[in-house]
Amino acid sequence: MRFKTIMLRLFTTFIICLSISFNIGFYSQHVVLEQRRAANNIMLNDKFTEIYETLEAISAKYNIVADTSMRVQHYAKPHMVYQDFCPECGDLWGKKKENVIFVPIDQLSKLYEMERIVLNLPEQTKLSPELEPPVNIETELTSLLLILKSQSSFVHSLTQIEENTNHYIKNHMHISPGRIGKCPECIELYEKQTTLTQPISKKRHEELLKIKNGFNASTN
Ligand SMILES: [Zn+2]
Ligand SMILES: [Zn+2]
């Protein structure tokens with residue numbers, strides 16, 4: 001009886017020890033996973049932030065190119081009267097709003113910050129990176145695709161503006177500019193710009209053409 005009691009106690013102690021060590025192991029594993037998740041989250045957050053910042057920098061450059069292109073077009077086919085959406089027309093003849101002033105964003109945010117300090121308003125608190133909610137990769141990728149597609153359509157419009165400018169500066173004979181206007185010279189230039197070519201000797205090319213002609217004759 002005494003022996004059985006001792007065995008039972010030993011067995012109970014063994015189970016308790018096993019359970020504690022299992023729980024400690026489980027807990028430390030959980031902590032490691034949490035730390036890894038937080039580290040992954042910070043790493044993903046940083047990468048996505050870098051991608052967004054790069055796209056923002058590209059957009060800023062596109063804005064300069066678009067603004068300049070429209071100003072060049074203003075002179076390529078001189079605007080005699082005010083045209084909506086032309087920045088040069090806007091600068092030359094646009095009506096200025098007397099009660100509105102345009103201030104650089106950096107200067108304005110410094111002014112707002114000073115106002116906040118003077119008026120003793122609360123500062124906006126930021127979440128520390130560890131406490132930020134997990135990055136939803138699907139949502140981030142969807143938003144990146146949206147930005148890229150809008151940049152793609154923006155570049156498409158830009159190529160049309162450039163095409164028109166080239167048409168007018170080069171005095172193409174066709175009345176309407178660009179591929180939309182079906183100008184043969186604009187179409188020819190576009191084909192040249194978009195067809196990939198590779199150098200090859202004339203002799204070798206002639207050989208290949210002969211083979212092609214023979215091939216076509218045998219299949220017809
Ligand atoms: Zn203009
Ligand atoms: Zn043309």
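Read-outs: derived from the displayed coordinates by stated rules, not from any lab. Predicted, not measured: the structure shown is a model, and the values here were computed from it. Neighbour counts are summed over all protein chains in view; Cβ atoms, including those assigned to glycine, are modelled from backbone coordinates with ideal geometry.
Principal semi-axes of the equivalent ellipsoid, √(5λ) from the alpha carbon gyration tensor of the chain, are 65, 40, 11 Å from largest down. Protection proxy ranking, highest mean first, for peptides 95-101, 32-38: 32-38, 95-101, where packing is the per-residue count of other beta-carbon atoms within 10 Å, averaged.
With r defined as the distance between the Cβ atoms of residue 211 and residue 187 and R0 fixed at 30 Å, what FRET efficiency is calculated, to the nearest 0.05?
Computed FRET efficiency for residue 211 and residue 187: 0.45.
Report the chymotrypsin sites (Phe, Trp or Tyr not before Pro) located in the stretch 44-85 that are in a DSSP loop and have at most 15 other Cβ atoms inside 10 Å of their Cβ, or state none. Listed in order of number, the matching sites are 82, 85. Label-to-label distance, residue 79 versus residue 61, with points set 7 angstrom from Cα along the beta-carbon direction: 2.7 nm. Taking each pair of distinct Cα atoms in the stretch 127-214 once, what is the resulting Kirkwood hydrodynamic radius in Å? Answer for the stretch 127-214: a Kirkwood hydrodynamic radius of 17.9 Å. Here, the stretch 22-79 yields an orientationally averaged convex hull projection of 4.5 nm² when only Cα atoms define the hull. Taking other C-beta atoms within 10 Å as the exposure proxy, 176, 218 rank 218, 176 from fewest upward.
Taking the helices alone, the chain has a mean residue ellipticity at 222 nm of -25500 deg cm²/dmol, built from -39,500 (n - 2.57) per DSSP H run of at least 4 residues and averaged over all its residues. Restriction of the trypsin sites (Lys or Arg not before Pro) in the stretch 139-220 to DSSP coil positions whose beta-carbon has at most 12 other beta-carbons within 10 angstrom yields 170, 182. Put a dot 7 Å past the Cα of residue 200, heading toward its Cβ, do the same for residue 50, and the two dots end up 4.2 nm apart. Cα-based values for the stretch 73-132, radius of gyration first and Dmax second, are 21.0, 59 Å.
From Cα pairs below 8 angstrom and at least 6 apart in sequence, can you work out the relative contact order of the chain, rounded to a whole percent?
Numbers: 72 pairs, mean separation 43.6, N = 220.
Relative contact order here is 20 percent.
Between the stretch 111-140 and the stretch 25-77, the alpha-carbon centres lie 18 Å apart.
I'd like the chymotrypsin sites (Phe, Trp or Tyr not before Pro) in the stretch 86-183 restricted to DSSP loop residues with at most 14 other Cβ atoms within 10 Å, sorted by number.
102
Going from the fewest other Cβ atoms within 10 Å to the most, the residues 174, 156, 74 appear in the order 156, 174, 74. Listed from fewest to most Cβ neighbours within 10 Å, the set 81, 135 follows the order 81, 135.
In degrees between 0 and 90, to the nearest 10, how far off the longest principal axis of the chain does helix 184-194 point, with axes built from Cα atoms? Relative to the chain, helix 184-194 is tipped by roughly 30 degrees. Other residues whose C-beta falls under 13 angstrom from the C-beta of residue 151 contribute a net charge of +1, scoring Lys and Arg +1 and Asp and Glu -1.
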